[in-house]
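Peer 1: Quick one: the structure is below, and I'll ask about it shortly.
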Amino acid sequence: MDNLKIAVIGAGVVGLTTAVELQKHFRNAYINVVANRFEKDTTSFVAAGLFRPGTSFSGPTQDITRKWINNAYNYWTDIEKTAEAAKAGVTYVSGYLYSSEYPSIVRNHYIEKLVPIYRPATEEELTLCPGNWKYGSFFTTILTQCSLYLPWVAQNFVNAGGKILEQQIISLLSVGQEYNVVVNCTGLGAQSLCNDHKLVPIRGQVIKVEAPWIKTFFYGDYDTYIIPGFDSVTLGGCRQYDSYNTNIDKYDGYSIKERCESLVPSLKNAKIVAQRVGLRPHRDPVRVEKEIINAEGRKAKSCS
Ligand SMILES: Cc1cc2nc3c(=O)[nH]c(=O)nc-3n(C[C@H](O)[C@H](O)[C@H](O)COP(=O)(O)OP(=O)(O)OC[C@H]3O[C@@H](n4cnc5c(N)ncnc54)[C@H](O)[C@@H]3O)c2cc1C
């Protein structure tokens, strides 16, 4: 039998990670990553990369969702344990999650028992940042900085025999004519590719600043966050449902700066190095399914 030919469509964090995992399981397969945008042009590049799934995140069942989250966490912590961790942009980071109004906001049923530390903040810790913080948690979790991770994982993929092709895919059927298996990791791109109206963007904007003295992350109310990375600190943010605006909005920028500086006043001295916008792919439930597509008489498996 001929060797299996697999196409992974998408070169964001999901596509490239899927491609290297497939290489481990199908050693004799030809695996290509096909995408029209790479590295700094992906949504993945915009993210601070903190491992903290939203509490409303859901797959088809609670058990499956939990399994996905646990597997993903183990994937990142396995990298963190290696000498490659810094090159891959993977590290542990600790910090505080505050709310002045809602105790539920500072809890996270998905990761409370998964990460090494997740505990209520003490009375003293609630006064570390200005603000009338009533509820708080302190936790340690993993961070993946995609400006480092994407080139690192792409190089590993190529070193193991994979090929990366630049191409805009118009239909999964046409890809299915060339490959036995098509793995669709196109994020928001799947909206048009699969005619999937359940996929919606949640627009986010962030400011990257130079503030090497910030070693701890802080979350306040209303999508305010400060997350230290390897070479900059990410200030956020916003979550604008169904917005397709990929331009930097100056009013969002003012609001982010003001909210973050009131949470951590030393940020007033931080130099802005970049502002970025990304459209988070949002779908309820998240789709990871296989289906058989009939590519002009040939059957191909497609996974989305
Ligand atoms: C401001 C902001 C902050 C965030 N912070 C975090 C965080 O702290 N932690 C966290 O876990 N997540 C965070 N996220 C979410 C995270 O960035 C996304 O969930 C993640 O990047 C999605 O990865 P992806 O690989 O699915 O998509 P993408 O990175 O968008 O990659 C999609 C790939 O598919 C390709 N593609 C799409 N359509 C086609 C087509 N038709 N033909 C060919 N190629 C195609 C694209 O070119 C691209 O290569 C944040 C997002 C934003 C915007």
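The values are calculated or read from the model by the stated rules, or taken from the named source; none is laboratory data. In this text the structure is predicted, and so the values were computed from the model without any measurement. Reconstructed Cβ throughout: ideal geometry from the backbone, glycine too, with neighbour counts over all protein chains shown.
Peer 1: For the range 16-28, what are the residues that are in contact with a Leu (Cβ under 9 Å, 6 or more places away or on another chain) and either charged (D, E, K, R) or surrounded by 17 or more Cβ atoms within 10 Å (Cβ to Cβ) (or both)?
Peer 2: Answer for the range 16-28, where residues must be in contact with a Leu (Cβ under 9 Å, 6 or more places away or on another chain) and either charged (D, E, K, R) or surrounded by 17 or more Cβ atoms within 10 Å (Cβ to Cβ) (or both): just L16.
Peer 1: Are there any pairs with C-beta distances below 7 angstrom linking a residue in the range 181-206 that is at positive phi to a residue that is within 7 Å of the ligand (Cβ to nearest atom) and at pLDDT 95 or above, with the two at least 6 apart or on different chains, and if so which?
Peer 2: Listed pairs, sorted by first residue: G187/G10; G187/G12; G187/V14; G187/T43; G187/P281.
Peer 1: So, one more: Residue check: is L128 without any contact (Cβ under 8 Å) to a residue 60 or more places away in the chain and away from the ligand (no atom under 15 Å from the Cβ)?
Peer 2: For L128, the condition - without any contact (Cβ under 8 Å) to a residue 60 or more places away in the chain and away from the ligand (no atom under 15 Å from the Cβ) - is met.
Peer 1: From the set of residues in the range 219-271 that are free of Cβ contacts under 8 Å to residues at least 60 places away in the same chain and among the small types (G, A, S), which is surrounded by the fewest Cβ atoms within 10 Å (Cβ to Cβ)?
Peer 2: For the range 219-271, the residue satisfying everything is S266.
Peer 1: Can you list the strands (runs of 3 or more DSSP E) found entirely within the range 200-300 that contain at least 3 residues being away from the ligand (no atom under 16 Å from the Cβ)?
Peer 2: Hits in the range 200-300: 290-295.
Peer 1: Can you confirm whether the range 87-103 contains a residue that is assigned to a loop (DSSP other than H, G, I, E, B), within 11 Å of the ligand (Cβ to nearest atom) and surrounded by 15 or more Cβ atoms within 10 Å (Cβ to Cβ)?
Peer 2: Within the range 87-103 (the criterion being assigned to a loop (DSSP other than H, G, I, E, B), within 11 Å of the ligand (Cβ to nearest atom) and surrounded by 15 or more Cβ atoms within 10 Å (Cβ to Cβ)), the answer is no, since none of the residues qualifies.
Peer 1: What residue, among those in the range 24-50 that are within 6 Å of the ligand (Cβ to nearest atom) and within 24 Å of I69 (Cβ to Cβ), is farthest from the chain's Cα centre (by Cα)?
Peer 2: T42
Peer 1: Name the residues in the range 64-76 that are farther than 16 Å from E112 by Cα and either of a type outside the set (A, V, I, L, M, F, W, C) or within 18 Å of the chain's Cα centre (by Cα) (or both), would you?
Peer 2: Scanning the range 64-76 gives Y75, W76.
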